[in-house]
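The values are calculated or read from the model by the stated rules, or taken from the named source; none is laboratory data. Computed from a predicted model, the values in this text were never measured in an experiment. Cβ coordinates were reconstructed from backbone atoms using ideal geometry, including for glycine residues, and neighbour counts include every protein chain displayed. Areas reflect the complete protein model, heavy atoms only, side chains present, ligands, DNA and RNA absent. Shrake-Rupley method; radii C 1.70, N 1.55, O 1.52, S 1.80 Å.
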Amino acid sequence: MKLKVSNRPEGRKGEQNLGAVNRLRREGMIPAVLYRAGEEARSIVVSAVDFQTVLRQIPQGTLATTLFELDYEGQMHSALIKEVQYHPTTYPTAVTHIDLMTVKLDEAVRVRVPLRCTGVAQCAGVRLGGMLRMVMRAILVRCPANAIPEELVVDVRELGIRQGRRLRDISFPQGVTPLLDLDEVAVVVAKR
């Protein structure tokens, strides 16, 4: 995903800066921060229209695993979104702030990858009246930035009531290492 960002005029902290940030928002810009470990954070702005367009193209739940190509002052930077803040009364349409972390494509990053269940309709335990419960909705992994999986998939088709799948039952792509105990339960079919 490509996104154009530009420098944000710096102001003092406090009420004067709040007024400048609110003015940027009224002009259709989203204040953001671009940072990298060991470097000073940079205050930037992103067009709200461009960001909403990008958000509509990203499958639901995969924003944290999407690698962005930022056009920043004529240079291209790869980045991951670390946090998005929304206005409390107009969620999810009004984004108020974004935190972006620049990464090198071959360096290892920690990211939460969403977990998706397949075979739910054919699950034996669900057909017998059980309820599928996702204990984990995302799994913390370490992998190269250019190899972040969009999602991890677990097949629950053969689970009966009171059976589950652990992290060790999930097939992780090559180069993706889970940072949690492999004996942790990811999904279970519970009795109603």
TODO: Would you check if there is a residue in segment 48-61 being in contact with a Pro (Cβ under 6 Å, 6 or more places away or on another chain) and either touching a residue at least 40 places away in the same chain (Cβ under 8 Å) or in a strand (DSSP E or B) (or both)?
DONE: yes
Open item on the list: Looking only at residues that are touching a residue at least 12 places away in the same chain (Cβ under 8 Å) and assigned to a helix (DSSP H, G or I) in segment 95-135, which one is farthest from Gln85 (Cα to Cα)?
Closed with: Ala124
Open item on the list: Can you find, within segment 68-107, the residue that is farthest from Asn22 (Cα to Cα) among those that are among the small types (Gly, Ala, Ser) and crowded, with 16+ Cβ neighbours inside 10 Å?
Closed with: Ser78
Open item on the list: Criterion first (out of contact with any Cys (no Cβ under 7 Å at 6 or more places or on another chain), in contact (Cβ under 8 Å) with a residue 60 or more places away in the chain and either open to solvent by 20 Å² or more (accessible area, probe 1.4 Å) or polar (S, T, N, Q) (or both)) does Ile148 satisfy it?
Closed with: yes
Open item on the list: If I filter segment 164-177 for residues that are assigned to a strand (DSSP E or B), free of Cβ contacts under 8 Å to residues at least 40 places away in the same chain, open to solvent by 20 Å² or more (accessible area, probe 1.4 Å) and in contact with a Cys (Cβ under 9 Å, 6 or more places away or on another chain), do I get at least one hit?
Closed with: yes
Open item on the list: Going through Gly61, Gly28, Gly38 one at a time, which residue ends up being at positive phi and either surrounded by 13 or more Cβ atoms within 10 Å (Cβ to Cβ) or aliphatic (A, V, I, L, M) (or both)?
Closed with: Gly61
Open item on the list: Of the conditions (1) assigned to a loop (DSSP other than H, G, I, E, B); (2) more than 15 Å from the chain's Cα centre (by Cα), Ala20 satisfies every one except a single condition; which number is it?
Closed with: (1)
